[in-house]
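Here's the structure, in structure tokens; my notes come after.
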Amino acid sequence: MSDLFEKIVSLSKRRGFIFQSSEIYGGLSATYDYGPLGVELKRNVTQRWWNSMVYRHDNVSGLDAAILMHPTTWKASGHVDAFNDPMIDDKTSKMRYRADQLIEGHIDRLRRKGKDDEAERVYSDLVDALNADDAAKALYDIIMTEEIRSPDSGMFDWTEVRQFNLMFDTHIGPITNADNKIYLRPETAQGIFVNFHNVRETGRHQVPFGIAQIGKAFRNEIVARQFIFRMREFEQMEMQYFVKPGSQMEAFEAWREERMQWHIDNGVRPSKLRWHEHEKLAHYADAAQDIQYEFPIGWQEVEGIHSRTDFDLGAHQEHSGKKMEYFDQLANEKYIPYVVETSAGLDRTILTLLCEAYREEEVGGDSRTVLKFHPKLAPVTVGILPLVKKDGMPEQAHKMEDMLKEHFNTFYDEKGAIGRRYRRMDEIGTPYCITIDGESVEEGTVTVRDRDSMQQERLPMENVPGYLIDQINNWETS
Ligand code: ATP
């Protein structure tokens, strides 16, 4: 793990953003709990996503489908047969890897050494292997030919590549047998597809329209060593947009643009975001691109935009025997709509925001760690800090707090030296701190400190809410 990544993991724990799940028992790998600040950040992100997807589009409705679904859902969607990752084991260290990721790592190393031609050749072999009928064998052959060594032990002592299904299964009801096996959903999308007619009819929608959902998904990932980047239980923010066949590329382009802008509007610098085209299109897709962020662990996917054709609705029609067609009154024709999907990881968005916000700065010979979150996303918006714990300052500070609580998440802190309190607020990303001093008690004015510039401005207390709203609306990434 890189230094920076480790610092972010450590700050997340120390300040109460993210904890290892079941830590007192030694932890459960690739599962995490969001602490008091993490949960606020998460709520702000989901609210912002919901506003932009559901409230800003008259033709998009929300849904909250169950995690457990009829098992045939996953047969129809292709997950039972094809939701596999190729795994390979290092016989010496007993460490397990994803074969495709080992090869990607090898390609990255070649590029870093300036061996671009060789990297291109292996990349093209990788694309062929992923599309081969026997992908496991083809990936194994590349690892052998390229003599790719184990990243941990440095050995070249591999097992065969085997396909591993990523779905968690369990049983419904009191009897455990093959007939009542069900799955924890590996994506939220299928809950949307099976409710296509329910939402269309009750929402009185006509194609094109969308269904949006935020919820948990579960994948028994082979390799999960990168904090909340790859978890076994995670959350997705997905929207399926149903369109007339033939118009999917137009919708694909429009959503691509909107979704990239959403990340930029969250305060992510455009230079840290890029598009990545899939090496292998999923069996159902006719176009797919990912939004990648430059994490300290490299460029990685945060969100996928996929044109899924009529595969899902068609498959559910076939397996359920229920019509999934739509009668288009304008065109006077019946068809199964095509689907453009936007699928963002909530946890990967949180990780993006943490990495993007994390800065270490030198200030007047001193150093500070600061999380420069967008003020609309910051877990705490305003810190309320009486200079000392006496002389009427706490009382005046509580008055200020009452005026702000209605609009913002505030945090009251009267303990310790004021400089230390500012540093603590910087470290959790609080964009504004209000200090209440002797003048505040006598004259009713307070100072507002800006996290990024560290400038302070004195204002009458009653002007503070309006001032903060202006500041938040005009905030720009630095
Ligand atoms: P990857 O290639 O990284 O495994 P994917 O292409 O399988 O991801 P999708 O199936 O497209 O991912 O899922 C949509 C989004 O869900 C991803 O962009 C990512 O943000 C999130 N996601 C998928 N798997 C995980 C995971 N194991 N942990 C956290 N988030 C995940």
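The values are calculated or read from the model by the stated rules, or taken from the named source; none is laboratory data. The structure displayed is predicted, hence computed values, not measured ones. Cβ atoms come from the backbone with ideal geometry, glycine included; neighbour counts cover every protein chain shown.
Points worth noting:
- Number of the condition not met by Pro208 [criteria: (1) modelled with pLDDT of 95 or more; (2) within 16 Å of the ligand (Cβ to nearest atom)]: (2)
- Taking (1) in a helix (DSSP H, G or I); (2) more than 30 Å from Glu235 (Cβ to Cβ); (3) without any contact (Cβ under 8 Å) to a residue 24 or more places away in the chain; (4) not β-branched (Val, Ile, Thr) in turn, Glu104 satisfies each apart from (2).
- Region 361-386, residues that are in contact with a helix residue (DSSP H, G or I) (Cβ under 6 Å, 6 or more places away or on another chain) and surrounded by 20 or more Cβ atoms within 10 Å (Cβ to Cβ): Val370, Leu371, Lys372, Phe373, Pro375, Leu377, Pro379, Val382, Gly383, Ile384, Leu385, Pro386
- Any hit, region 297-318, residues being crowded, with 17+ Cβ neighbours inside 10 Å, more than 12 Å from the ligand (Cβ to nearest atom) and among the aliphatic types (A, V, I, L, M): yes
- Considering (1) more than 10 Å from the ligand (Cβ to nearest atom); (2) more than 28 Å from Thr72 (Cβ to Cβ); (3) of a type in the set (Val, Ile, Thr); (4) in contact with a strand residue (DSSP E or B) (Cβ under 9 Å, 6 or more places away or on another chain), the lone condition that Val339 does not fulfil carries the number (2).
- Sole exception among (1) within 12 Å of the ligand (Cβ to nearest atom); (2) farther than 20 Å from Met69 by Cβ for Tyr241, by number: (1)
- Residues located in region 251-288, provided they are hydrophobic (A, V, I, L, M, F, W, C) and not in a loop (DSSP other than H, G, I, E, B): Ala251, Phe252, Ala254, Trp255, Met260, Trp262, Ile264, Leu273, Trp275, Ala287, Ala288
- Residues of region 233-262 satisfying the condition of being of a type in the set (A, V, I, L, M, F, W, C), farther than 30 Å from Gln20 by Cβ and surrounded by 14 or more Cβ atoms within 10 Å (Cβ to Cβ): Met239, Phe242, Val243, Met249, Ala251, Phe252, Trp255, Met260
- Of all residues in region 225-237, those that are closer than 17 Å to Thr188 by Cα and more than 8 Å from the ligand (Cβ to nearest atom) have Cβ atoms under 7 Å from Cβ atoms of residues that are among the aromatic types (Phe, Trp, Tyr) and in a helix (DSSP H, G or I), 6 or more apart or on another chain, in Met237/Trp49.
- Of the helices (runs of 4 or more DSSP H) lying entirely inside region 1-93, those containing at least 1 residues that are within 23 Å of the chain's Cα centre (by Cα), of a type in the set (S, T, N, Q) and surrounded by fewer than 18 Cβ atoms within 10 Å (Cβ to Cβ) are 3-14, 36-50.
- Summed over region 438-474, the residues that are closer than 19 Å to Met393 by Cα and either buried (at least 20 other Cβ atoms within 10 Å of the Cβ) or of a type in the set (A, V, I, L, M, F, W, C) (or both) give a count of 8.
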